[in-house]
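The values are calculated or read from the model by the stated rules, or taken from the named source; none is laboratory data. Note that the structure is a prediction, hence the values are computed from the model and not measured. Because the Cβ atoms are built from the backbone with ideal geometry, glycine has one as well, and the counts that use them run over all protein chains shown. Note: accessible area is taken over every heavy atom of the protein model, side chains too, but ligands, DNA and RNA are not part of it. Shrake-Rupley method; radii C 1.70, N 1.55, O 1.52, S 1.80 Å.
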Amino acid sequence: MTMTEVADMLKADVLVKGEGGHKAIRHVVASDLMSDVLLVDEEDMLLLTSLASDQVLRTAQIVGAVGVIVVNGKPLPSS
């Protein structure tokens, strides 16, 4: 499954389309503790979290996540 397919299935709003949209997702990590996410050593992962902050995006970039899904309708910070 790809990030685009996941977004379509969830009827999610895609805020930033990157290169990962058509990359296959092999693992899903769900956490609000970004320190735990930093310990995950898997490629092609999707990050699910209810934490809506810039820290999530930085962490996703560090671990090479295909994408990030913010759950529970949390408002995202404007940048």
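Look through the range 52-77, keep the residues that are of a type in the set (A, V, I, L, M, F, W, C) and in a strand (DSSP E or B), and return whichever of them is surrounded by the fewest Cβ atoms within 10 Å (Cβ to Cβ).
So in the range 52-77, the residues of a type in the set (A, V, I, L, M, F, W, C) come out as 52, 56-57, 60, 62-63, 65-66, 68-71, 76.
Subsequent filtering for residues that are in a strand (DSSP E or B) retains 68-70.
Values: Val68: 20, Ile69: 16, Val70: 19.
Only one residue fits best here, namely Ile69.
So which residues in the range 15-30 are modelled with pLDDT under 90 and surrounded by fewer than 14 Cβ atoms within 10 Å (Cβ to Cβ)? If you could, list the steps in order and put the result at the bottom.
If we filter the range 15-30 for residues that are modelled with pLDDT under 90, which is where we start, we get 15-23.
Result: Leu15, Val16, Lys17, Gly18, Glu19, His22.
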Residues satisfying the stated conditions in the range 1-25, i.e. farther than 18 Å from Gln61 by Cα and part of a loop (DSSP other than H, G, I, E, B): Met1, Lys11, Ala12, Asp13
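With Leu33, Leu47 as the choices, which residue is within 18 Å of Leu76 (Cα to Cα) and open to solvent by less than 50 Å² (accessible area, probe 1.4 Å)? Spell out the reasoning first.
Numbers: Leu33 fails: open to solvent by less than 50 Å² (accessible area, probe 1.4 Å).
Being within 18 Å of Leu76 (Cα to Cα) and open to solvent by less than 50 Å² (accessible area, probe 1.4 Å) holds for just one of Leu33, Leu47, which is Leu47.
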Selection count, the range 26-51, where residues are closer than 17 Å to Asp13 by Cα and outside any loop (DSSP other than H, G, I, E, B): 4
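Each row is one residue, and each column tells you yes or no for (1) in contact with a helix residue (DSSP H, G or I) (Cβ under 8 Å, 6 or more places away or on another chain); (2) free of Cβ contacts under 8 Å to residues at least 12 places away in the same chain.
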residue	(1), (2)
Ser31	yes, no
Asp36	no, yes
Val40	yes, no
Ile62	no, no
Lys74	no, no
